[in-house]
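The structure appears below as structure tokens.
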Amino acid sequence: MATEPFLLLVLLLLTTSTITFSSPSSEDLAAELESLRATSPSGVIHLNDASVSRFLSTAPTPRPYSILIFFDASQLRSKPELHLPELRSEFGILSDSFFKHNPTSSRLFFAEIEFTESQASFAQFGVNSLPHVRLVGPNHRALKDSDQMDQSYFSRLAESMSEFVESRTGLEVGPIIRPPPLSRSQVIALGVIALIAMPFMVKKVIKGETLLHDPKVWMGSAVFVYYFSVSGTMHGIIRGSPLFMRDRNDPDKLVFFYEGSGMQLGAEGFAVGFLYIIVGLMIAFVTHGLVKVRNVATQRIFMLIAMVIGFWAVKKVIYLDNWKTGYAIHTFWPNSWR
């Protein structure tokens, strides 16, 4: 019977030593993260529920490293308002830039978590909306207490994300290094094609047979630039204006013209641009084509048609402006005509 306490003590020591040897140290975890980072093209480590528990939840604190985590959801990548694919690409550029400037650093790692395979981790972090980025520092025990990146840091993509990293970790990210638009093989292929085509292009230029020598191309380009200018297309691109919107009172009805000067739909600009194009083309026809017609009666008939169409087009533009802004534009008559 005296041997039982001794056996219990031996079993307790063996169990404690087994747990000690099975639990990795902070240095081992950092080395494992470095290995995972080396296998990723952009240095972003893919985490799941098990690896989040291993490197964060059950890892001893303080940890010698921080992890910046990008939260993703495959079923939401198709929603354009979230910009998840673009932000994930910028997150990879941020990671690649950091490790190019800090190749031996093991104090900061970049990771991503996908919702469908890591729902428990999303719950641990308390993530309920995307886009979402969290920085888990060395002393964070509860994952919900980690630093959340504010939405304003997504405005300038990787450049503004680096500001968040530098302000929270004290580490210098360095200039953002973006990949070139063309790879080296593509540049070589384009150079070879250009060298082959150069003699034929020089021959065409000397003979005046290029598109730049075709008056129709210049005329079409001028009409396109004119339409692009008067239709407010650039305004729509900058503001991100939709082409149309659904009626709030009747979801099955589409609204192409929005009453009120605070918002302009793309369809409104296209309609006004079309009316301006009609007037511009008529003026060009009258000044360059109709003057060459020798029959005076024909000239008068076409001139009358052009004036009627021009009056109708300008009237429609003025009506739309009055309807949207509420400001009335009326005709000024001299006092002697009244």
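Among the residues making up the stretch 51-65, those that are touching an Asp or Glu at 6+ places or on another chain (Cβ under 9 Å) and surrounded by fewer than 21 Cβ atoms within 10 Å (Cβ to Cβ) are Arg54, Pro64. The stretch 138-245 holds helices (runs of 4 or more DSSP H) entirely within its bounds, and those carrying 2 or more residues that are farther than 24 Å from Asn102 by Cβ and of a type in the set (A, V, I, L, M, F, W, C) map to 184-207, 215-230, 233-239. Taking every residue in the stretch 308-337 that is within 23 Å of Ile283 (Cα to Cα) and pairing it with any residue that is modelled with pLDDT under 70, at least 6 positions away or on another chain, the pairs with Cβ-Cβ distances below 9 Å are Ile318/Ile329; Asp321/Ile329. Only one of the numbered conditions (1) over 16 Å from Ser35 (Cβ atoms); (2) out of contact with any helix residue (DSSP H, G or I) (no Cβ under 8 Å at 6 or more places or on another chain); (3) hydrophobic (A, V, I, L, M, F, W, C) is violated by Phe71, and that is (2).
The condition (being under 29 Å from Gly174 (Cα atoms) and modelled with pLDDT under 90) is satisfied by just one residue among Asp96, Asp72, Asp28: Asp28. Restricting attention to the stretch 37-48, the residues that are in a helix (DSSP H, G or I) and either under 21 Å from Arg178 (Cβ atoms) or not assigned by TED's automatic domain parsing to the domain that holds Arg156 (or both) add up to 1. The sole residue among Val279, Val286 that is part of a helix (DSSP H, G or I), surrounded by 15 or more Cβ atoms within 10 Å (Cβ to Cβ), at pLDDT 85 or above and within 41 Å of the chain's Cα centre (by Cα) is Val279.
Among the residues of this structure, Gly266 counts as one that is in contact with a helix residue (DSSP H, G or I) (Cβ under 7 Å, 6 or more places away or on another chain), modelled with pLDDT under 80 and surrounded by 14 or more Cβ atoms within 10 Å (Cβ to Cβ).
In summary, Asp96 fulfils each of the numbered conditions (1) among the charged types (D, E, K, R); (2) closer than 22 Å to Asn139 by Cα; (3) touching a Ser or Thr at 6+ places or on another chain (Cβ under 8 Å) with the single exception of condition (2). I want to confirm something. Restricting to the stretch 49-79 and keeping residues that are in a strand (DSSP E or B) and of a type outside the set (Ser, Thr, Tyr), which single residue is farthest from the chain's Cα centre (by Cα)? Restricting to residues being in a strand (DSSP E or B) and of a type outside the set (Ser, Thr, Tyr), the top hit is Ile67. If you filter the stretch 86-104 down to residues that are among the hydroxyl-bearing types (Ser, Thr, Tyr) and assigned to a helix (DSSP H, G or I), you find that the one that is surrounded by the fewest Cβ atoms within 10 Å (Cβ to Cβ) is Ser89.
Selection of the stretch 300-338 for residues being more than 17 Å from Tyr258 (Cβ to Cβ), at pLDDT below 80 and part of a helix (DSSP H, G or I) yields Asn335, Ser336, Trp337. Whether any residue in the stretch 244-254 is within 29 Å of the chain's Cα centre (by Cα) and touching a residue at least 12 places away in the same chain (Cβ under 8 Å) is what I want to check. Yes, the stretch 244-254 contains a residue that is within 29 Å of the chain's Cα centre (by Cα) and touching a residue at least 12 places away in the same chain (Cβ under 8 Å). Every listed requirement among (1) within 26 Å of Leu304 (Cα to Cα); (2) not assigned by TED's automatic domain parsing to the domain that holds Phe302 is met by Met219 save one, (2). Screening Phe71, Phe91 for residues that are within 16 Å of Gln124 (Cβ to Cβ) and aromatic (Phe, Trp, Tyr) leaves exactly one candidate, Phe71.
The values are calculated or read from the model by the stated rules, or taken from the named source; none is laboratory data. The structure presented is a predicted model; accordingly, all values stated were derived computationally and were not measured. All Cβ positions, even for glycine, are placed from backbone atoms using ideal geometry, and neighbour counts span all protein chains on display.
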